[in-house]
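Undergrad: Dropping a structure here in structure tokens format, bear with me for questions.
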Amino acid sequence: MDSLEIHLHHVDVDLGTARILHDLNLSIAGREHFAVLGDNGAGKTTLLRLLVGELWPSQRSSGQRIYRFFGEDSSSPIGVRPHVRLVTPSMADWYQRHDLRVPIWEVICAGLRNTPFLYHEASEAEREKARTLGLEMGLGLVLDRPMRSVSTGQAKRALLARALIAEPLLLAVDELTQGLDRQGQLRLLEALDRIAAAGRTRLLVSGHGLLPVPEEVRGRIYLEHGRQVERPSRVRPGQLDLPDQHTPLSRSDTVMELESCSVVMDGQAAVDTLSWTVRAGECWGVFGHNGSGKSTLLQLITGYRRPWPGGETRWFGRSGLTRMRQIRSRIGVLAPWIGERIEPSTACRDVLLSGLCDGLGVHRGLSAAQIRQVEEMARAWGMEEWLERPLGSLSYGQARQVMLARAVAHAPELLVLDEPFSGLDASWQVRMVELLQHWTAKGRTLVLATHSPEHMDGLLTHGLVLQQGQCVAAAQWPALPHHPAFASLFEAPGQLRDGS
């Protein structure tokens, strides 16, 4: 890794007319690996994209970015691009958005030439290398399945394997452990430690200071509002106000009911003959390893997937044929599979307004009062400056905040959240917990899937554990943590080193 150095001298970065990074002076050299830390919107993703050559320094300032490659200096990243790799959460969204039936092993193999999929017939040696790396990343059971049919955590590990197969001189990973269960985190950290110790690849990882990082990553780069700082300050934003309930809560005691429901994807049962009832005012946590069926279950209870014949879903006491538009007007959803259906060029104002009419970034027929309500909510949540910006121009954490606001803008009776704490900094995680506690205190119903049980005490009333699409434990929350199936999810040898 000594053969590649990157030096920034008074560098600014602009996205459109907005200045994202300011006056950076930074050297990535020597034998050190770095964690880039900061709150949502600090500029972490932009800095990684700048370092790997995806973005150029601002032409409105005189800063310089110098790549020193085998002793030769250049201001252009072209010569080093084949030797660097970047992994971001948006890459998995790209595969989902384009709905490609590309198997996992091929995605990994395509990393040799840094293409999204293979443009040539893979050699036997290339196939073997991709499969071996997939096995090392715990993907043995899904190597022949398409990217669109695996869990968020499995897709993350596949993209990391795709980056590692090229043995890059620099590997940058944005939101390092986002979407991974506890075992997935440990497996990833151990793999990156081995790579770092080998001395060929320099690691750059980003997060919020709470993330676990490989032991070998000892350097720290702190960002705050796009500027490099010695240590970021902790400013706790205000509480998130919830919209008022404009329609009466359901008179039915049962909010959602599944009866013998299965969902089969690419020949595999993602949900397997599952029966489950959620009653009004209950707060359920759904737990399980990556690939256990959590996201598919949430898609099922929100009507984005239908059960196979023989299974039945019922909402708010209704049975038989159901008009999903009416049902979804009473449900709010925060999930990666909602965000990936919205075009990145959609203005945040339209994203928020679409939550009032179950649109994916598109809305129509809204009154002036409804539009004013959403604008007031954006102002109260500190999002007013983002309203005209494209969703894709925000950081991962900021985009999650917008999608959360979209999910609750219409004051739904049932709120369904897939990994609600993923991508949020410490202050926003606190705000999220307070918002959910406020939500349940109003008698509304909540279902969330998470790998973060530390936020659940005082919030959940019930919990469900999935294994291979089947329910292996369901109980009231005080009893669930003592169940062996739950305990096995979070047992981990040793302690994770955090990023502080």
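The values are calculated or read from the model by the stated rules, or taken from the named source; none is laboratory data. Note that this is a predicted model, so its numbers are computed, not measured. Ideal geometry is used to build each Cβ from the backbone, glycine not excepted, and the neighbour counts take in all protein chains shown. Calculation scope for accessible area: heavy atoms of the full protein, side chains included, ligands and nucleic acids excluded. Shrake-Rupley method; radii C 1.70, N 1.55, O 1.52, S 1.80 Å.
Undergrad: Counting heavy atoms of the protein chains only and a 1.4 Å probe, report the per residue accessible area for the range 163-223 as a whole number of Å².
TA: Accessible area per residue: 28 Å².
Undergrad: Right, something else. Hey, what angle do you get for helix 368-380 against the long axis of the chain, alpha-carbon based, 0 to 90 degrees rounded to 10?
TA: Result, in degrees: 50.
Undergrad: Could you give the length gained on full extension between residue 488 and residue 227, defined as 0.36 nm per residue of separation minus the Cα-Cα distance, in nm?
TA: Length gained, residue 488 through residue 227: 89.8 nm.
Undergrad: Taking just the alpha-carbon atoms of the chain, what radius of gyration and Dmax come out, in angstrom?
TA: Rg then Dmax for the chain, in Å: 22.9, 73.
Undergrad: From the protein chains alone at 1.4 Å, what is the descending order of accessible area for 257, 121, largest first?
TA: On the way: 257 55, 121 140 Å².
Largest to smallest exposure gives the sequence 121, 257.
Undergrad: Sorted by accessible area (1.4 Å probe), largest first, how do 119, 396, 95 line up?
TA: These residues rank, largest area first, as 119, 396, 95.
Undergrad: Kirkwood Rh and Cα-based Rg: tell me the resulting Rg over Rh for the range 315-375, rounded to two decimals. Before the final figure, lay out each step's value.
TA: Working: Rg = 13.1 Å, Rh = 12.9 Å.
That ratio is 1.02, to two decimals.
Undergrad: In whole Hz and in residue order, list the ³J(HN,Hα) couplings for the range 119-130 that follow from phi through the Karplus curve 6.51 cos²θ - 1.76 cosθ + 1.60, θ = phi - 60°; x for Gly and Pro.
TA: 3J(HN,Hα) across the range 119-130, in whole Hz: 9, 8, 6, 5, 6, 4, 5, 5, 4, 5, 5, 5.
Undergrad: With both partners inside the chain, how many of the DSSP beta bridges are antiparallel, as a percent to the nearest 5?
TA: That works out to approximately 55 percent antiparallel.
Undergrad: Between residue 136 and residue 259, what length comes free when the chain is fully extended (0.36 nm per residue of separation minus the Cα-Cα distance, one decimal in nm)?
TA: 40.5 nm
Undergrad: Now for a separate question. How many nm separate the modelled label positions at residue 442 and residue 29, each set 7 Å beyond the Cα in the direction of the Cβ?
TA: 5.6
Undergrad: Skip the ligands, DNA and RNA, and give the accessible area per residue of the range 17-136 with a 1.4 Å probe, whole Å². Don't jump to the answer; show the numbers that get you there.
TA: Numbers: 5850 Å² over 120 residues.
Using a 1.4 Å probe on heavy atoms only, each residue of the range 17-136 averages 49 Å².
Undergrad: What's the FRET efficiency of residue 371 with residue 454 using the Cβ-Cβ distance as r and R₀ = 25 Å, to the nearest 0.05?
TA: The calculated FRET efficiency here is 0.05.
Undergrad: Leaving out ligands, DNA and RNA, what percent of the accessible area of the chain is carbon and sulfur, probe 1.4 Å?
TA: 48
Undergrad: With every protein chain kept in the model, how would you rank 91, 456 by accessible area, 1.4 Å probe, largest at the top? Mind dumping the intermediate values first?
TA: Working: 91 40, 456 0 Å².
Sorted by accessible area, descending: 91, 456.
Undergrad: Okay, moving on. Given a 1.4 Å probe, how much area per residue of the range 324-461 is accessible, in Å²?
TA: Accessible area per residue: 35 Å².
Undergrad: Can I ask one more? Leaving ligands, DNA and RNA out of it, work out the accessible area of residue 287 with a 1.4 Å probe and give it in Å² to the nearest 10.
TA: About 0 Å², rounded to the nearest 10.
Undergrad: Rounded to the nearest 5, what % of the DSSP beta bridges within the range 322-464 are antiparallel ones?
TA: Working: 1 of 10 bridges.
Here the antiparallel bridges make up roughly 10 percent for the range 322-464.
Undergrad: Please list, or write none, the lysines whose alpha carbon is within less than 20 Å of the alpha carbon of residue 129, excluding same-chain residues fewer than 8 places away.
TA: The reachable lysines, counting only those whose Cα sits under 20 Å from residue 129, are 156.
Undergrad: A follow-up question, please. For the Cα atoms of the chain, what angle does the longest principal axis make with the long axis of helix 182-198, in degrees from 0 to 90, nearest 10?
TA: That helix lies at roughly 0 degrees to the long axis.
Undergrad: Here's something else I'd like to know. Please say if the range 305-429 is rounded, prolate or oblate, where rounded means a/c under 1.5 for a ≥ b ≥ c the square roots of the C-alpha gyration tensor eigenvalues, and otherwise the choice is prolate for a/b larger than b/c and oblate otherwise?
TA: Since a/c reaches 1.5 and a/b is larger than b/c, the shape of the range 305-429 is classed as prolate.
Undergrad: Show that you can apply the helix-only estimate: for the chain, add -39,500 (n - 2.57) for every DSSP H stretch of four or more residues, divide by all residues, and state [θ] at 222 nm to the nearest 500.
TA: My calculation for the chain gives -8500 deg cm²/dmol from helical runs alone.
Undergrad: Express the relative contact order of the chain as a whole percentage, based on alpha carbon pairs under 8 Å and six or more residues apart in sequence.
TA: Numbers: 991 pairs, mean separation 88.3, N = 500.
Across the chain, relative contact order equals 18 percent.
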